1. Suppose we filter TYR182, TYR122 for residues that are hydroxyl-bearing (Ser, Thr, Tyr) and in a helix (DSSP H, G or I); which single one remains?
2. Which number in (1) surrounded by 14 or more Cβ atoms within 10 Å (Cβ to Cβ); (2) modelled with pLDDT of 95 or more marks the one condition that MET230 misses?
3. Any residue in the stretch 315-338 that's free of Cβ contacts under 8 Å to residues at least 60 places away in the same chain: show its pairings with residues that are of a type in the set (S, T, N, Q) at Cβ separation under 6 Å, as long as the two are six or more apart or on different chains.
4. What number of residues within the stretch 141-150 are at pLDDT 95 or above and crowded, with 24+ Cβ neighbours inside 10 Å?
5. Consider SER205 carefully, then state whether it is in contact with a Phe, Trp or Tyr (Cβ under 9 Å, 6 or more places away or on another chain) and of a type outside the set (A, V, I, L, M, F, W, C).
6. Taking the stated definitions as given, is THR165 outside the structural domain of THR231 (by TED's automatic domain parsing) and in contact with a Leu (Cβ under 8 Å, 6 or more places away or on another chain)?
7. Regarding SER295, is this residue in contact with an Asp or Glu (Cβ under 8 Å, 6 or more places away or on another chain) and in the same structural domain as THR152 (by TED's automatic domain parsing)?
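The values are calculated or read from the model by the stated rules, or taken from the named source; none is laboratory data. Keep in mind it's a predicted model, so treat the numbers as computed, not measured. Backbone-built Cβ (ideal geometry, glycine too); neighbour counts: all protein chains shown.
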Amino acid sequence: MVTKIGLDLGYANITVSDTAAGIYREQSVALIDKDSRRIVSVGLDAIEHAEEFSDRALLVRPFKNGLLFDRQITQSIVSKVIGSVPQGERLRCVIGIPSDLVSKQEKDIFNILADSGITECYAVNRAAAALIGAGGNPNQSVISVNVGASATEIAIFHNGEVTYTSREMVGGEDFDKAVKHYIGEQGGVNLSLSVARAIKEQLGSVWHGKEEGSIDIEGTLALTGNSVKMTITSEDIVGVFEKPLYRLLMAVANAIKKIPLDQVESVFANGIVLTGGGSMLHGLDLMMSKILGVSVRQPSDPIDSVAKGLSLINARIPVRGKAVKKNVTNILASYYKE
């Protein structure tokens, strides 16, 4: 029996998807001893024990900027997540990778998967996987835009070919930082990113139609460091997302400019498929559609589109029965031919 999984190494979370067992998510963070560099704990355990070990340990995210900077930490997190999957006789994995990953880094990822007990290892561009997870087909002419926590992946498909890919360093956390910076400048109050994220999720909007609301928060005064409680309303953060929003829209606009004239009509017929946790900001799909002049659709669960797509792709790849390490992005459409 072969267990087939998808693995999405995100900046905020590492997600494993099994078409039979569903989704398992673990925070992609490790607690590291400052002196010995020994791994104290990983995932949610690391966050829960961070304060206890604050004097001698650091929280580290190994997938910052989408690239690996510590193989040992990555190995520990990947092994923990894969250990959560019911094991068959063999374990096969399709992993999502950023479009600018160099061959050496891709090789490192394959080796980490192999050391975790996986013999068949495949890689797919994250935006391509997101399209599949959102119910799309790589044989369509379509634009896939996946807004992650730290970066946005874009892929353009035409007649079964991936004709363009790009990666822009703007994502959901940039919207969180915009709230944090704005409250700090306007009110002289320092917020944690988690509080800023809560404000964004409850009150944030880039298009009309969201119900007005308010949220009670706690921060610290910039001048004194004293704790302060305050109420933030929807009106307080109007326009706060302008800078990261501009970068995101320009990245998609620049990708659209790369479409050859003879392909524009067919690509625009299917428009943009918008996925990723960062895409869940209220009204982002509507604003993108209005500004860029192309239809935008979003799945009901955009945050899991990459992970779901990876496991769905895995189900289509023929079982080889031998060790494999391969990027299948450019032949993805062949698995979806009728």
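1. TYR182
2. Of (1) surrounded by 14 or more Cβ atoms within 10 Å (Cβ to Cβ); (2) modelled with pLDDT of 95 or more, only one is false for MET230: (2).
3. Cβ pairs passing all conditions: none.
4. Qualifying residue count for the region: 5.
5. yes
6. When the stated conditions are applied, THR165 does not pass them.
7. No, not satisfied.
Residue-by-condition table, conditions (1) under 30 Å from LEU245 (Cα atoms); (2) surrounded by fewer than 24 Cβ atoms within 10 Å (Cβ to Cβ); (3) at pLDDT 90 or above:
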position: GLN87; (1), (2), (3): no, yes, no
position: SER103; (1), (2), (3): no, yes, no
position: ALA128; (1), (2), (3): yes, no, yes
position: GLY133; (1), (2), (3): yes, no, yes
position: THR152; (1), (2), (3): yes, no, yes
position: SER166; (1), (2), (3): yes, yes, yes
